[in-house]
Amino acid sequence: MKNKLIRLAELIQEDFPEKIVATFRSRYKSSLTQRLEMVNKAISFHRRRAESLWLQAGRKRTPAERRASAQAELAAFVFAYLTGDGKEYADSAIEALTALGRQGEVDLIQILCRR
């Protein structure tokens, strides 16, 4: 399970200025509260970034905006998973992986939702 969350954190990490992946590595022993706070920061960051990119493009969707939106959706799934509601966010997480061109990693979401 832990490696799957680290893989999702790696996808969320791209363009995010803080070290979210380190929060999920076992040697750092982050608490659930610390993980939730970091994931919440990532959600906010990627949503703000997506909105900014959308506005800069004249309110049109661009590949960069879609990527930021997808990263926010993945972060929302990780947050929901950590709080026990992952199944409710599974479909949007799968769509996010598809938007990121990571269809081969859809099984990460499916495996995490089975637990």
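The values are calculated or read from the model by the stated rules, or taken from the named source; none is laboratory data. Note that the structure is predicted; figures quoted are calculated from it, not measured. Cβ sites come from the backbone with ideal geometry, for glycine too, and all protein chains shown count toward neighbours. Calculation scope for accessible area: heavy atoms of the full protein, side chains included, ligands and nucleic acids excluded. Shrake-Rupley method; radii C 1.70, N 1.55, O 1.52, S 1.80 Å.
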*Select from region 15-52 the residues that are part of a loop (DSSP other than H, G, I, E, B) and exposed (fewer than 12 other Cβ atoms within 10 Å of the Cβ) and write down the one among them that is farthest from the chain's Cα centre (by Cα).*
Lys29
_Phe77 outside any helix (DSSP H, G or I), at pLDDT 95 or above and open to solvent by less than 30 Å² (accessible area, probe 1.4 Å)_ = no
*Can you give me the number of residues within region 94-115 that are touching a residue at least 24 places away in the same chain (Cβ under 8 Å), closer than 17 Å to Gln13 by Cα and either of a type in the set (D, E, K, R) or not in a helix (DSSP H, G or I) (or both)?*
3
*Read through the list (1) on the phi < 0 side of the Ramachandran plot; (2) open to solvent by 30 Å² or more (accessible area, probe 1.4 Å), then give the number of the only condition that Arg59 fails.*
(1)
*What are the residues in region 1-14 that are part of a helix (DSSP H, G or I) and closer than 25 Å to Arg49 by Cβ, if any?*
Lys4, Leu5, Ile6, Arg7, Leu8, Ala9, Glu10, Leu11, Ile12, Gln13
*Considering Glu37, Glu65, Glu51, which residue is acidic (Asp, Glu) and in contact with a helix residue (DSSP H, G or I) (Cβ under 8 Å, 6 or more places away or on another chain)?*
Glu65
*Can you spot a residue in region 85-93 that is in a loop (DSSP other than H, G, I, E, B), open to solvent by 20 Å² or more (accessible area, probe 1.4 Å), in contact with a helix residue (DSSP H, G or I) (Cβ under 9 Å, 6 or more places away or on another chain) and closer than 22 Å to Ala22 by Cβ?*
no
*Report yes if some residue within region 62-73 is open to solvent by less than 30 Å² (accessible area, probe 1.4 Å) and in a loop (DSSP other than H, G, I, E, B); otherwise report no.*
no
